[in-house]
Amino acid sequence: MSDKFADHLPPISRRQALIYLASGTAALAMPSLFGGNMARAAMPGAGKGGQMVVGFSQEPTVFNPLMPHIEVDDGLHFSLFDQLIGVDDKGNLFPKLATEVPTLENGGISADGLNFHLKLRDNVKWHDGKPFTAEDVKFTLELLVDANFRSWTRTGHELVRDIKVVSPTEITWRMEKPYSPYTSILAATFIVPKHAFDGVADKNTAPFNTAPIGTGPFKWQQRVPGDHIELVANKSYFLDGPMLERLIYKYIPDLNVMYTQFASGDIDVVGLQWITADHYDEAKKLPNKVVDVFQSATIENFAFNLGKPQFQELAVREALYYAIDKQTIIDALYYGLPKPTETYMPMQSFYFNPDLPKHEYNLDKAKKLLDDAGWKPGAGGIREKNGVRLSFSNSTTAGNHLREQMQQFIQQSFQEIGVEMKIANLPPAVMWGDFWMLSKYDSAIVGLNYLTGSDPDTANYMHSTSIPAQGGAGQNVFQYKNPEVDTLLVQGAAEFSPEKRKATYLKIQALVRKDLPVLTLFTFANVRGYKQGAENITPNINVRIDSWNVNSWGWKA
């Protein structure tokens, strides 16, 4: 196994070199730890009341939950809005705006899977005092498939037909064809108020999008761009809670700074992107803090934009995968906490495929693949073919120091095989805006939870009709197209038996592993932290962010 990178370093092991890089980068971040805008100290809560400050390394910027957004925005959406049904940490669906979860047994779904009949709560009001009704549900489902609206996903919703408002608390519709993931999709669909869009010609620029009105446990209070968002309790919330008077989402882009603010007590809960692995040993010894590790459903990926000419040849993607020293990255940067994986499917899932080819770090094989494919060294030793240089940028969120160290490590390995990777990181709001959603990036380091709840359907990320840059609605920013995968996704979604569905999703995983539209690196091991006395900060593998039950967050009496 070739290891020329080590030849250019002092006589220490590759792993020691990476550890040295990690500690050196962390040290460089230290001078800024106590500068800038600090979070306001949390009020000491007691029982019901008080406030809680939650740190996010990315800034929520999309306040309309039906528009293209990422995980951090969901953190806000769970606070402001409600779904018809929710999903708990055990994977069980539970009623929210609906009075019960629609099933075959209770008649909410017909025996053929085509007809839905939902009854809605009659004691729900929007934050502006207007009543929630079935008209709001109809409006939401129709807006998601409006061709003039920038919908974050149409998957499943595009099959809904003949929506009928039976009464203010009753609604029906039929599906064009049976679609088993749809209840899980409903659990990830927040309902918005129809009246907030009345008279608005362009719903993409509605005033609602910057001053959201929901039914959720907290109401919009104020936003200080670049610093924090403040929410206040919805005293007439229809479910239990909220247990807090005020909720602050504090934006702290530097993960070292976020940890320091947690240690000092300036923030109560470390949210997205949690405590980095290099702080884990110290964090678990902090007084008056609760720190634990939770294996999540989120996968860390090296993602390609397959619309770029550098990545359209499979041999290139295979070679780049051989050139990533995945295990050393896990051991040296992440202290062995994450688990390597070959698939986007979480290991905890019934549908996980354990029989995929195992990754091998091998620079010699990487070079041979590129040689055989006709990529020859050109100027500066960078390979070229048909006028295309094997040079590209790699982007992620600025301030995530472990990812930045991983980029530097990968950059060195790629250089050894004649590939130039330039690091071009961006603030989160820019990185995960149109740059990501409209496939303007070259390659990216990104954490993704590909599932909707616990359902294995990934059409939103992998179907060819889900490419936003090509007019689709979805998350297929990789611009991945495989007709066989498209067919299997449709088949899997039409089947309701988990055992029968499993065979389909095992095949899809094998095809994606072969095609490599993304290089799956490892599953996230989230080092979670919150102040002692905080209650119900419960991880949930079935949602993209922990604030799924924020109505029950509070302080022990």
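The values are calculated or read from the model by the stated rules, or taken from the named source; none is laboratory data. This is a predicted model, so every value here is computed, not measured. Ideal geometry is used to build each Cβ from the backbone, glycine not excepted, and the neighbour counts take in all protein chains shown.
General observations
- When residues of region 507-535 are limited to those that are at pLDDT below 95 and of a type outside the set (D, E, K, R), the one surrounded by the fewest Cβ atoms within 10 Å (Cβ to Cβ): 525
- Region 356-382, residues that are free of Cβ contacts under 8 Å to residues at least 12 places away in the same chain and closer than 28 Å to residue 522 by Cβ: 368
- Some residue of region 408-422 being closer than 21 Å to residue 479 by Cα and buried (at least 20 other Cβ atoms within 10 Å of the Cβ): yes
- Taking first residues from region 117-142 that are within 11 Å of residue 84 (Cβ to Cβ) and among the acidic types (Asp, Glu) and partners that are part of a loop (DSSP other than H, G, I, E, B) and modelled with pLDDT of 95 or more, the Cβ contacts under 9 Å between residues at least 6 apart in sequence or on separate chains come to 136/97; 136/126; 136/191; 136/192; 136/193; 136/215.
- Counted residues, region 423-452 - those being more than 16 Å from the chain's Cα centre (by Cα), buried (at least 18 other Cβ atoms within 10 Å of the Cβ) and outside any loop (DSSP other than H, G, I, E, B): 1
- With a requirement of 1 or more residues that are free of Cβ contacts under 8 Å to residues at least 40 places away in the same chain and at positive phi, none of the helices (runs of 4 or more DSSP H) lying completely within region 167-284 satisfies it.
- The single condition among (1) under 29 Å from residue 510 (Cβ atoms); (2) of a type outside the set (S, T, N, Q); (3) surrounded by fewer than 22 Cβ atoms within 10 Å (Cβ to Cβ); (4) under 25 Å from the mean Cα position of the chain (by Cα) that residue 385 does not satisfy is (4).
- Of the residues 504, 523, the single one that is touching a Lys or Arg at 6+ places or on another chain (Cβ under 9 Å) and polar (S, T, N, Q) is 523.
- Considering region 210-257, the residues that are of a type in the set (A, V, I, L, M, F, W, C) and under 18 Å from residue 190 (Cα atoms) include one that is farthest from the chain's Cα centre (by Cα), namely 238.
- Positions within region 177-199 being more than 29 Å from the chain's Cα centre (by Cα) and of a type outside the set (Gly, Ala, Ser), in sequence order: 195, 198
- Residue 460 under 20 Å from residue 55 (Cα atoms), in a helix (DSSP H, G or I) and either within 20 Å of the chain's Cα centre (by Cα) or not basic (Lys, Arg) (or both): no
- Pick from region 155-177, criterion in contact with a Leu (Cβ under 6 Å, 6 or more places away or on another chain) and not aliphatic (A, V, I, L, M), ranking: surrounded by the most Cβ atoms within 10 Å (Cβ to Cβ): 157
- Top-ranked residue in region 264-283 [being in contact with a Lys or Arg (Cβ under 8 Å, 6 or more places away or on another chain) and among the small types (Gly, Ala, Ser); ranked as surrounded by the most Cβ atoms within 10 Å (Cβ to Cβ)]: 283
- Just one residue in the set 351, 344 is touching a Pro at 6+ places or on another chain (Cβ under 9 Å), aromatic (Phe, Trp, Tyr), assigned by TED's automatic domain parsing to the domain that holds residue 482 and buried (at least 22 other Cβ atoms within 10 Å of the Cβ); that residue is 351.
- Unique match (being buried (at least 16 other Cβ atoms within 10 Å of the Cβ), farther than 26 Å from residue 405 by Cα and among the aliphatic types (A, V, I, L, M)) among 247, 255: 247
- Taking residues in region 401-415 that are of a type in the set (Lys, Arg), and partners anywhere that are in a helix (DSSP H, G or I) and crowded, with 21+ Cβ neighbours inside 10 Å, not one pair has Cβ atoms closer than 8 Å while being at least 6 places apart or on different chains.
- If the condition is being buried (at least 20 other Cβ atoms within 10 Å of the Cβ) and touching a strand residue (DSSP E or B) at 6+ places or on another chain (Cβ under 6 Å), then region 128-140 contributes 134, 137.
- Unique match (being surrounded by 20 or more Cβ atoms within 10 Å (Cβ to Cβ), in the same structural domain as residue 135 (by TED's automatic domain parsing), touching a Ser or Thr at 6+ places or on another chain (Cβ under 7 Å) and over 22 Å from residue 243 (Cα atoms)) among 66, 93: 93
- Put simply, of 419, 430 the only residue that is without any contact (Cβ under 8 Å) to a residue 12 or more places away in the chain and either of a type in the set (Ser, Thr, Tyr) or within 27 Å of residue 481 (Cα to Cα) (or both) is 430.
- Residue within region 428-443 that is closer than 28 Å to residue 183 by Cβ and charged (D, E, K, R) present: no
- Of all residues in region 131-157 being small (Gly, Ala, Ser) and at pLDDT below 95, the one that is nearest to residue 182 (Cα to Cα): 156
- Of all residues in region 292-315, those satisfying the criterion of being in a strand (DSSP E or B), surrounded by fewer than 20 Cβ atoms within 10 Å (Cβ to Cβ) and of a type in the set (A, V, I, L, M, F, W, C) are 293, 294.
- Checking each residue in region 433-459 for being touching a residue at least 24 places away in the same chain (Cβ under 8 Å) and among the acidic types (Asp, Glu) picks out 442, 455, 457.
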